[in-house]
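A short worksheet on the structure shown next.
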Amino acid sequence: MGGDFHNLRRGVKRLVLCLLGVAVALLAGEFVLRGTLREAGEYYTWWPHLQRTFSVEPGLMPGVEGVTRFQVSSLGLRADEISTEDSYRMLAVGGSTTECLFLDQDVAWPEGVEHFLNECQSDHRAWMGNAGKSGLNTRDHIVLLRRLLPYLPRIDAVVLMTGVNDMMLCLSRGETYDPDFMLDEGAEDLILGRSFQMLPLEYEHRYLAIQQTALWRLASRVKDSLIESNKTQDNAGAAIRLWREHRRTSPEVLETLPDIENGLEEYRRNIRELIRICSDHGARVIFLTQPYIWQEDFPEDLRKIIWLGGIGDYMEVKGCTYYDIGPLREGMDRYNRALLEVCVEQGVECFDLASKLPRDESVFYDDIHFNIGGSKRTSKLVGEYLLGRPPFGP
């Protein structure tokens, strides 16, 4: 009996020592990984080394077809890895029209600009990282640039395509729209998760404790690399079909633009803040006006491919009220004019891209998103603009 008790105590002691050893090993691993997992800093727009492929249904997005690749660098940007040979480094910032989710890596306009510049001249090797992310507006861009620029290697220029998501926020919120949101204490922390897929560990208190650890993140990254990266998402664009149906079956379409001056005033204020942030980091800033498909005498065949302009949670809920083409065009023109005016006021560059592109299916697959042809035209237009100015040209 005494021998059995002695053996039991010995077994328990070994188990406790084993568990303590595992705990010490995990703590040591966590300590090491916290210092090594982050290749460039604390904030990542996308998970580093994320890879996705999308198979777009034929005919769903005019001018987009086949399998497309979405690849993320170690910096958390949709881009090639940055090199010491890259003497002029640019960062593209915007929403989904910069992200170019359903366009192949080489076709997305930010990478297209990089390729265009390097093909046309050899004095300055260009690099452009893509920090575009669907749904982001100038509120998010402020948060992104405040946090991201200090951690990235030197950035010489920031190229921003802005406006449409600011307008949609104003229109969709209606009377509940708060133009002073960014002036509230704590506003920035509330929207950090929109701008970044990966935050510093101390910000991720919204997850379970184990999900805050570097070990959990390493395991997630391995899973993502070994399993998820090899999947092709063949339902790409299914949401767009649903959103088009929501607009098509709307019970009410408004033909008059509401008062958007509060939205425009916040937009002007946010643009000035973006200019200040870039200036503080020694980065040149170049704005692009937002192109769109809405044209006068809008043909019925194009109405079938649009879906933006709803009031309320129109992407999730059927039966919302929408604005007609005229108000959307008028509103976007006013946001683009506001951008141009602030850039003149502040003495910074703004390339009026919206005035250079046709408003049809040769450029867009819906209201604002570029198809392959539109993205290539944008790459060439922006590239030519940059070629005509230092350091690439006169």
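Derivation of every value follows stated rules applied to the coordinates shown; laboratory data play no part. Computed from a predicted structure; not experimentally measured. Every residue, glycine among them, receives a Cβ derived from its backbone with ideal geometry; neighbour counts consider all protein chains shown.
Below is a table of values for the structure above.
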item	result
Enumeration of residues in segment 101-134 that are charged (D, E, K, R) and over 21 Å from the mean Cα position of the chain (by Cα)	119, 123, 125
Any hit, segment 105-113, residues being farther than 19 Å from residue 308 by Cα and surrounded by fewer than 20 Cβ atoms within 10 Å (Cβ to Cβ)	yes
Within segment 48-70, tally of residues that are closer than 20 Å to residue 194 by Cα, surrounded by fewer than 17 Cβ atoms within 10 Å (Cβ to Cβ) and touching a strand residue (DSSP E or B) at 6+ places or on another chain (Cβ under 8 Å)	1
Selection count where residues are over 13 Å from residue 96 (Cα atoms) and in a loop (DSSP other than H, G, I, E, B), scope segment 129-162	8
Selection count, segment 345-374, where residues are touching a residue at least 60 places away in the same chain (Cβ under 8 Å) and in a helix (DSSP H, G or I)	7
Residue in segment 262-290 that is surrounded by the most Cβ atoms within 10 Å (Cβ to Cβ), counting only those that are out of contact with any Pro (no Cβ under 9 Å at 6 or more places or on another chain) and either small (Gly, Ala, Ser) or free of Cβ contacts under 8 Å to residues at least 24 places away in the same chain (or both)	283
Unmet criterion (only one of (1) free of Cβ contacts under 8 Å to residues at least 24 places away in the same chain; (2) assigned to a loop (DSSP other than H, G, I, E, B); (3) within 25 Å of the chain's Cα centre (by Cα)) for residue 333	(2)
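Every residue, every condition in (1) on the phi < 0 side of the Ramachandran plot; (2) touching a strand residue (DSSP E or B) at 6+ places or on another chain (Cβ under 8 Å); (3) charged (D, E, K, R); (4) crowded, with 17+ Cβ neighbours inside 10 Å, yes or no:
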{"site": "299", "(1), (2), (3), (4)": "yes, no, no, no"}
{"site": "309", "(1), (2), (3), (4)": "no, yes, no, yes"}
{"site": "318", "(1), (2), (3), (4)": "yes, no, yes, no"}
{"site": "322", "(1), (2), (3), (4)": "yes, yes, no, yes"}
{"site": "326", "(1), (2), (3), (4)": "yes, no, no, no"}
{"site": "330", "(1), (2), (3), (4)": "yes, no, yes, no"}
{"site": "351", "(1), (2), (3), (4)": "yes, yes, no, yes"}
{"site": "358", "(1), (2), (3), (4)": "yes, no, no, no"}
{"site": "363", "(1), (2), (3), (4)": "yes, yes, no, yes"}
